[in-house]
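> My questions will all concern the structure given below.
The values are calculated or read from the model by the stated rules, or taken from the named source; none is laboratory data. The structure presented is a predicted model; accordingly, all values stated were derived computationally and were not measured. Cβ placement follows ideal geometry from the backbone for every residue including glycine, while neighbour counts extend to all protein chains displayed.
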C-alpha cells in the first residue's frame with residue numbers, strides 16, 4: 001500500500017540524498033569553525049567526522065526499514081551494506097592510519113594523512129543521529 005501523502009515514501013532515495021547534503025555541510029562547517037579557513041573541498045574529504053559515506057548508508061537502511069520494515073529482504077541487504085561500510089570506516093581505515101604513521105616516521109616527515117579513521121563511539125553516535133534525521137525527514 002503506497003502512502004500518497006508522503007513524498008519520501010515514493011522517492012526513498014531522497015532521504016540519503018538529503019543526509020548527504022546535511023553531512024557535507026556539517027563537515028565543512030566543523031572544519032571552518034575549527035580552522036577559520038574557507039575551503040569547499042574539505043566537505044568532500046573521505047576522512048573526518050561526520051562521515052559522509054556512513055551517513056548515506058545508515059539513512060538508506062533507516063528509510064528502507066521505515067518503508068519495508070526490518071523483516072524485509074531489502075532491509076537485510078541494506079544492513080549488510082551498512083555494516084560493511086561502517087566496519088571499513090572503523091577497522092580498515094584504522095590499519096591504514098597505523099601504516100601511515102609508520103611510513104611517515106620512517107620518512108622523517110609527514111607525507112601521508114594520518115587521520116583516516118573513525119572511533120567506534122563516533123560511528124555509533126553519528127549513526128544514531130542519522131537514524132533520527134532520516135526518521136524526521138521521512139515524517140516531515
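> Please indicate, with yes or no, whether at least one residue in segment 11-25 is at pLDDT below 80, surrounded by 13 or more Cβ atoms within 10 Å (Cβ to Cβ) and at negative phi.
No, segment 11-25 has no match at all.
> For residue 43, state whether it is modelled with pLDDT under 90 and either under 23 Å from residue 26 (Cα atoms) or loosely packed, with under 14 Cβ neighbours inside 10 Å (or both).
Taking the combined requirement at face value, the residue satisfies it.
> Which residue is surrounded by the fewest Cβ atoms within 10 Å (Cβ to Cβ), if the candidates are limited to segment 82-110 and must be touching a helix residue (DSSP H, G or I) at 6+ places or on another chain (Cβ under 6 Å) and modelled with pLDDT of 85 or more?
Top of the filtered list is 85.
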